[in-house]
Every structure is written in structure tokens, then in C-alpha cells.
1. Compute the long axis of helix 45-61 from its Cα atoms, compare it with the longest principal axis of the Cα atoms of the chain, and write down the angle in degrees, 0 to 90, nearest 10.
2. Using square roots of five times the C-alpha gyration tensor eigenvalues, list the equivalent-ellipsoid semi-axes of segment 3-61 in whole Å, biggest first.
3. Using alpha carbons only, how many degrees (0 to 90, rounded to 10) separate the axis of helix 3-15 from the longest principal axis of the chain?
4. Normalising by the residue count of segment 3-61, find the relative contact order in percent from Cα pairs under 8 Å and 6+ residues apart.
5. Give the cross-link partners of residue 61 among the aspartates and glutamates, using a straight C-alpha distance below 13 Å as the criterion and excluding same-chain residues fewer than 8 apart.
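Nothing in this text is a laboratory measurement; each read-out follows from the coordinates by a stated rule. As the structure is a computational prediction, the values presented were derived from the model and not from experiment.
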Amino acid sequence: MNLKVTLTSWWCDWFHGGGIIKRDSADRINWQCAKCGRWADPVPVDVERMVVDQDIDAAMKEPK
């Protein structure tokens, strides 16, 4: 990481404080700052798949 990217990320983390969780252009779940548009690190595809599978299993076990 270069200094500009590090400082931009730090500034956004400390002073912008809000954003939206959505899919990025590579269709990964990610967070985008509402003020400057900076993208955070995306959720790895294998972690996303594992969490979705766990949620589906939990939903199927719930009584109807």
C-alpha cells in the first residue's frame, strides 16, 4: 500500500463514518463509503458462500 492510499483510507475510516453494503463491480459483497465512494476490502467468495449456506440451513430448521 502506498502512502496516499493509506492516508485516504485512514481519513475515510475516522471522519466519514457511514456507508452502504452492496455488491461491487466484481459481484462481491463489499462496503462503500457514502461520502467519498471508497470501497473497503471485499468479503472473500468462499466466506460469502459459507455464510449463505449456514443461513439457508438455519432457515430450513426453523419451525413454520
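1. 40
2. Details: eigenvalues 169, 29, 19 Å².
Semi-axes from the Cα gyration tensor: 29, 12, 10 Å.
3. Helix 3-15 sits roughly 70 degrees off the main axis of the chain.
4. 22
5. 53
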